[in-house]
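Working notes, structure below.
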């Protein structure tokens, strides 16, 4: 298992994590910030050059059996909860903060920042290059299509795609319902 690296301080101890399960794989180039606020369950895979951007407050929790592809970016200023056995494709971005747009007299960059958590339910799959915006809850067993921008919460077993993401159908075998 590789030693994760952080900006500035270089390598740090795996004991710096709030929780680090057994069988966790860090591929080369994974960057981790504020590991003291990150919990990772057993048998999690973190692909090459992924960035786990912990924050000085709130938590990033990654459930057991989760697979995270290369070059993902997770920013947990507002908190991130990823359930168990979630597949996350390469290049996925999860954001939990954004600037307000209320004050038009100043640049957006200088407006206050709002924080909102992102939650991803167990057994979901997030397609390559998808972006999940602050405040979104993705239900259990959801399939997010490649390149989707998820701006609203999604019910269990939905299949979604597009920009912005829309429900295509539900994969609930009992009902196989359309939106």
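Placing pseudo-labels 7 Å out from each Cα toward the beta carbon at residue 111 and residue 22 gives an inter-label distance of 4.9 nm. Which of 113, 159, 104 moves most in a GNM of the chain, Cα contacts under 10 Å? Judging by the Gaussian network model, the answer is 104.
Computing semi-axes √(5λ) of the Cα gyration tensor in Å directly from the structure and comparing it against (i) 26, 23, 13; (ii) 22, 20, 17; (iii) 25, 18, 17 singles out (i). Note on residue 166 and residue 49: with the Förster distance fixed at 30 Å, the Cβ-Cβ geometry gives a FRET efficiency of about 0.50. Separation of the stretch 24-69 and the stretch 76-130, taken as the distance between their Cα centroids, equals 15 angstrom.
The residues 66, 137, when put in order of fewest to most other Cβ atoms within 10 Å, stand as 137, 66.
Compute the relative contact order of the chain as a whole-number percentage, counting only Cα pairs closer than 8 Å that sit 6 or more residues apart in sequence. Once divided by the residue count of the chain, the mean separation gives 12 percent.
In a GNM of the chain with a 10 Å cut-off on Cα contacts, which of 163, 128, 149 has the highest mean-square fluctuation? Highest fluctuation of the listed residues: 163.
Here the Gaussian network model covers the chain, with springs between Cα atoms less than 10 Å apart; of 156, 102, 125, 102 fluctuates the most. DSSP beta bridges confined to the stretch 5-138 are antiparallel in about 15 percent of cases.
Any read-out appearing in this document is the output of simple, stated calculations on the displayed coordinates, not a laboratory observation. Not measured: the values here are computed from a predicted model. With ideal geometry, Cβ positions are generated from the backbone for all residues, glycine too; neighbour counts draw on all protein chains shown.
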